[in-house]
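In what follows, a structure is listed as structure tokens, so that the remarks can point back to it.
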Ligand code: ASP
């Protein structure tokens, strides 16, 4: 793929040679993938990043010493060979170099290797934990290597696109003060300032806003962010964002700009053209799909049935806040057993529903439901019409407190998509979610939290409501959802210091706290801050989705495990007493050193 000339180690890489180089003398370097010693002939598969080339050592044609050394080559030895490209007798159409082999004349063992703890093959025998521990060996395997090359490709496409659109790549610091994004900070003690700590950025949010005050106009950065969250599966405590900000923009400008980036990526990376992204308000998403990142590759939108289903003597429904159903297309012939399984599924503690009502819209035009005792066929028909269920469909209904029931039905919808294989992995269905609430009430701390972050601007028409009815205020905030995953989110920012001070107050910061934490930003706003806004994409997840896989870890060179540990370097670790005292720290769990 990439010819490397004039190196003492190689004239070609291991993925290049073909009949074009027949009879040429070449030098290759790489790792021994396989050594097949037939006694009088030794074949070695030589591997590097670019591919595999077969080497042949022949008792009759290869110098004796070279032949003997070849017999002793172990897996993962690093070698350099010089030899002639010859045509293979038995060709291998599976690899690019399969028409030829190299008849070796000179062999240098550059390094030996212990026997690797797992096989370095596409399908390995190594378990996850072992491969994490020896990540550098795992990286030699094609699947992981290809994922990193893929990530590089996405990275470069992002950089090129944004740079060509006038965005400037600016680095912002890592040793900073807390930037609230709703998680806990990772902190770093300061040796030179007793008792003081830096925080690692949860995002470069305040810095990118200051860059706009600084007149940079369009900023981007592919940047590490750090959030000390309780570990959920497939979350990394450090992760990468494509972080962007623009000055003199309103929401529409941002949506257009980053719809452009996303469309470009899907086209460039997957060769798929996506037309204009649909938009949905937060309230619509919650009402119709039960969550704010719906996968719209398949239908099964919610229909509320309160009016039709209450007051008919069925107590389970009568006293509930919400009765809501989904239509499973073509599923009226689901067996009793399959339906029972679904009922058991929704009753599991993780979902927590009390039960599940079903209505089968039979192909003969009749209806069969689990509540036939309470509802007539006419009632059921009215439900079906209301839900737009067709003959042959199945309606599934949950009831209860509004928020919980929607969440439960949302989970059931996704479970059905899985069971019935309703999601096409080759389809890309992006969706903008807009009009998020500005604030969220938190019962635990008994105060409002910013739904996005405290710098998010309320919709101008709602500013009046900030005092009278804060909870009803909508934000100029938006998320980009792709196939049911939130891949990006951002907002138009507050750039007026009085409004920002008011929001800090609403969020429960005292004046002093606001000044200590965000005085620098409030000061900056006194010197001509332009209107501005931005967005950040989660690069790890975006790459995984474009790569058609679920686990972001597979696209990160050196990830942490589910308990936040790097098992390869064994971090986090203890500090010794001297280090601790230099940092003015005490510990009950000091290392033995
Ligand atoms: N800083 C935000 C985040 O990390 C993104 C933004 O508002 O631009 O989610």
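No value in this document is a laboratory result; all are computed from the given coordinates. Since we're looking at a predicted model, the values are computed, not measured. Cβ coordinates were reconstructed from backbone atoms using ideal geometry, including for glycine residues, and neighbour counts include every protein chain displayed.
Here the calculated FRET efficiency for residue 511 and residue 164, from their Cβ-Cβ distance with R0 = 35 Å, stands at 0.20, rounded to the nearest 0.05. Rounded to the nearest 0.05, what FRET efficiency is calculated for residue 125 and residue 333 with R0 set to 56 Å and r the Cβ-Cβ distance? Between residue 125 and residue 333 the formula returns 0.85. Sorting 156, 8, 246 by the number of Cβ atoms found within 10 Å of their own Cβ, with the fewest placed first, yields 8, 156, 246. Helical runs assigned H by DSSP (4 residues or longer) give the chain a calculated mean residue ellipticity at 222 nm of -8500 deg cm²/dmol, each run adding -39500 (n - 2.57) before division by the residue total. In whole Å, how far is the Cα centre of the stretch 149-189 from that of the stretch 89-105? Each part reduced to its Cα centre gives a spacing of 44 Å.
Rounded to the nearest 0.05, the FRET efficiency derived from the C-beta distance between residue 184 and residue 20 at R0 = 56 Å is 0.45. Each of 31, 43, 441 was scored by other Cβ atoms within 10 Å of its Cβ. Arranged with the fewest first, they read 441, 43, 31. The shape of the chain comes out oblate: with a ≥ b ≥ c from the C-alpha gyration tensor, a/c is at least 1.5 while a/b does not beat b/c. Rounded to the nearest 10 degrees, the angle from helix 142-164 to the longest Cα principal axis of the chain is 60 degrees.
For 451, 64, the sequence from fewest to most other C-beta atoms within 10 Å is 64, 451. Modelled this way, with points 7 Å down the Cα-to-C-beta line, the labels at residue 108 and residue 196 are 5.4 nm from one another. Express in whole angstrom the spacing between the alpha-carbon centres of the stretch 243-308 and the stretch 442-519. Cα centres, the stretch 243-308 to the stretch 442-519: 21 Å.
Computed from label points 7 Å out along Cα-Cβ, the spacing between residue 388 and residue 402 is 2.3 nm.
Antiparallel beta bridges, as assigned by DSSP with both residues in the chain, represent about 95 percent of the total such bridges. For residue 551 and residue 497, the difference between the fully extended length at 0.36 nm per residue and the C-alpha to C-alpha distance is 15.3 nm.
For the stretch 9-72, a/c is not less than 1.5, where a ≥ b ≥ c are the root eigenvalues of the C-alpha gyration tensor, and a/b tops b/c. That puts it in the prolate class. For the stretch 260-338, the square roots of the Cα gyration tensor eigenvalues, ordered a ≥ b ≥ c, give a/c of at least 1.5 with a/b no greater than b/c, which places it in the oblate category.
Given their separation in residues at 0.36 nm each and the Cα-Cα distance between them, residue 427 and residue 59 gain 127.0 nm when the chain is fully extended.
With respect to the chain, whose longest principal axis is taken over its alpha-carbon atoms, helix 511-524 is tilted by about 60°. Principal-axis analysis of the Cα atoms of the chain puts helix 497-506 at an angle of about 80° to the longest axis. Over every Cα atom in the stretch 97-221, the radius of gyration and the widest Cα-Cα span, Dmax, amount to 23.1, 67 Å.
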